[in-house]
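Step one of this worksheet: look at the structure below.
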Amino acid sequence: MNSAQSDIPRENQHSWCPKLRENIWHLRADAKSEDPAFLVTSKAKYELPSDYVRGFLKIRPYCTGHHSVASIAKITGTNAEDLLVFFNAFSDIDLLYPDNPSSIALTKDQVTKSLTGIVDIWAGELHAVYIANELVRGEGLSLPILIGWMTEMYHYVHDFPHALQCGADNAEGPLKTVLDRYAKEELGHEIFVLDSLKNLGVDADEVRASVPLVSTRTIGLLLRELLTLEPSATLLAAALLEAADFDEENIGHYQDRLTLLYGISNQALAPYFKHQKIDFDLGHQKLLADNLELIDITDIDRLDVLINRLHDLKHAFELQSLEIKAYYGEPNNGKYLRRQAMSYHAI
């Protein structure tokens with residue numbers, strides 16, 4: 001038996017309340033029964049039949065540790081014995097949450113390996129669903145949504161170094177040196193986004209006077225919360241959010257595609273990509289890999305808070321993509337195309 005988890009209890013199996021480790025499923029909506037689907041965990045990636053995955057996804061919402069096998073069977077109209085087949089398979093791949101996690105001794109090496117693994121997975125997930133990639137796929141998004149994305153990037157990039165400074169201000173020793181430098185290197189980069197917006201025909205003063213969407217503000221607030229609490233999490237945030245690579249040929253294809261889809265100048269977003277290249281050349285995407293020794297947390301309570309806050313940050317970016325499409329996607333419904341601050345005299 002794996003020391004980090006317990007097997008499914010042999011007695012009273014139907015009263016056992018299953019809970020899973022982080023598990024990410026990839027299943028095409030139009031997948032046929034024989035088509036493959038995939039399960040991604042921090043340990044490995046597994047290929048599974050699509051029908052098997054569809055069956056499990058019906059019961060996954062209840063695998064929170066608060067529903068017994070018997071109650072899940074009743075809620076989902078499945079057979080309890082069939083459910084136990086699922087969970088026994090998950091036990092074999094270490095997907096079941098440990099029964100008594102506080103009793104598991106953790107080493108620094110184990111923690112850094114787990115943290116880097118999950119950040120890599122979440123960064124891939126974020127890249128796949130982020131609005132920048134939706135825009136280039138031509139999935140019915142409009143030019144105002146493209147401009148809205150750039151507007152929110154202006155606000156995000158302007159705020160980012162100030163959020164980073166919260167980590168630096170609460171760090172000590174070598175970590176403080178690294179984080180201070182990171183925050184300073186990010187200062188003023190919003191000018192590149194503003195130049196892109198001007199290339200798109202947007203008035204710079206209007207952009208400066210506007211306020212970010214609530215989701216964009218949420219990103220800044222979550223960053224401040226996380227980095228103030230655990231300054232070393234700045235390194236994890238950098239690995240999650242910074243571009244993993246900078247391929248000028250791919251950037252060229254991206255610009256060509258936007259030109260075709262939205263009728264904009266081929267070089268309209270060139271300043272934005274110049275900003276990405278500057279960050280890449282500064283090595284921001286390697287901050288975590290280059291400074292792994294500066295993450296020294298083995299206390300499970302601190303790690304739980306860190307991981308939960310970092311997970312919130314990932315979902316905040318996904319929420320931002322949804323809000324950008326909702327807010328900027330319908331310019332004829334009376335919304336201000338650049339969100340305006342609410343003041344006393346406005347009421």
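A short reminder: the numbers here are calculations on the coordinates, not readings from a lab. Bear in mind that the values here come from a model prediction, so they are computed numbers and not experimental data. In this analysis, Cβ positions are derived from the backbone assuming ideal geometry, glycine residues included, and neighbour counts consider all displayed protein chains.
If you put +1 on each Lys and Arg Cβ and -1 on each Asp and Glu Cβ, how big is the dipole of the chain around its Cα centre, in Debye rounded to 20? If you can, show how the numbers build up before the last one.
Values: 32 positive and 50 negative charges, 155 e Å.
Charge dipole, the chain, about its Cα centre: 740 debye, nearest 20.
With helices defined as uninterrupted DSSP H runs, which ones in the chain have an alpha carbon span along their own long axis of at least 20 Å and mean Kyte-Doolittle hydropathy of at least 0.5?
The qualifying helices are 214-229.
Could you list, in their original order, any pairs among Lys19/Lys108; Lys45/Lys314; Lys45/Lys184 whose Cα atoms are separated by more than 31 Å?
Working: Lys19/Lys108 25 Å; Lys45/Lys314 20 Å; Lys45/Lys184 38 Å.
Where the Cα-Cα span goes over 31 Å, the pairs concerned are Lys45/Lys184.
Using the crude model of +1 on Lys and Arg Cβ and -1 on Asp and Glu Cβ, and no other charge, please compute the dipole size for segment 213-347 relative to its Cα centre, in debye to 20. Don't skip to the end; give the middle numbers.
Values: 13 positive and 20 negative charges, 185 e Å.
It comes to approximately 880 debye.
Sort Phe317, Phe280, Phe38 so the one with the fewest other Cβ atoms within 10 Å of its own Cβ comes first. Mind dumping the intermediate values first?
Values: Phe317 21, Phe280 17, Phe38 14.
Fewest-to-most Cβ neighbours within 10 Å comes out as Phe38, Phe280, Phe317.
Rounded to the nearest 20 debye, what is the charge dipole size of segment 13-92 about its Cα centre when +1 sits on each Lys and Arg Cβ and -1 on each Asp and Glu Cβ? Present the calculation step by step, with values, prior to reporting the outcome.
On the way: 10 positive and 9 negative charges, 64 e Å.
Using Cβ point charges on Lys, Arg, Asp and Glu, segment 13-92 gives about 300 debye.
Could you put Ser102, Ser142 in order, starting from the residue whose Cβ has the fewest other Cβ atoms within 10 Å?
Working: Ser102 8, Ser142 16.
Final ranking by Cβ density, sparse to dense: Ser102, Ser142.
Using a basic spin-label model with each label point 7 Å from the Cα along Cα→Cβ, how many nm lie between Thr259 and Glu206?
According to this spin-label approximation, the distance is 2.6 nm.
Reachable aspartates and glutamates from Lys74, Cα under 16 Å, same-chain residues fewer than 8 places away excluded?
Partners found: Asp82.
For a quick check: sort Glu47, Glu230, Glu330 by the number of other beta carbons within 10 angstrom, fewest at the front. Mind showing how you got there, number by number?
On the way: Glu47 9, Glu230 21, Glu330 13.
Lowest to highest Cβ neighbour count: Glu47, Glu330, Glu230.
Tell me what the chain gives for mean residue ellipticity at 222 nm when only DSSP H runs of n ≥ 4 count, each as -39,500 (n - 2.57), the sum divided by the residue total, rounded to 500 deg cm²/dmol. Walk me through the intermediate numbers first.
On the way: 15 runs with 202 residues, N = 347.
About -18500 deg cm²/dmol.
Work out the charge dipole of segment 105-346 with +1 on the Cβ of Lys and Arg and -1 on the Cβ of Asp and Glu about the Cα centre, then indicate which of Thr112, Leu292, Ser343 is farthest towards its positive end.
After comparing all options, I get Ser343.
For Lys198, give me every one of the aspartates and glutamates with a C-alpha distance below 15 angstrom, ignoring sequence neighbours fewer than eight places off in its own chain.
Glu152, Glu190, Glu206
Using the Kirkwood formula over every pair of different C-alpha atoms, what hydrodynamic radius in Å results for the chain?
Working: mean 1/r = 0.0441 Å⁻¹.
That comes to 22.7 Å for the chain.
From the residues Leu236, Asn79, Gln276, which one has its Cα farthest along the dipole of the chain in the positive direction, the dipole being from +1 and -1 charges on Cβ of Lys/Arg and Asp/Glu about the Cα centre?
Of the listed residues, the answer is Asn79.
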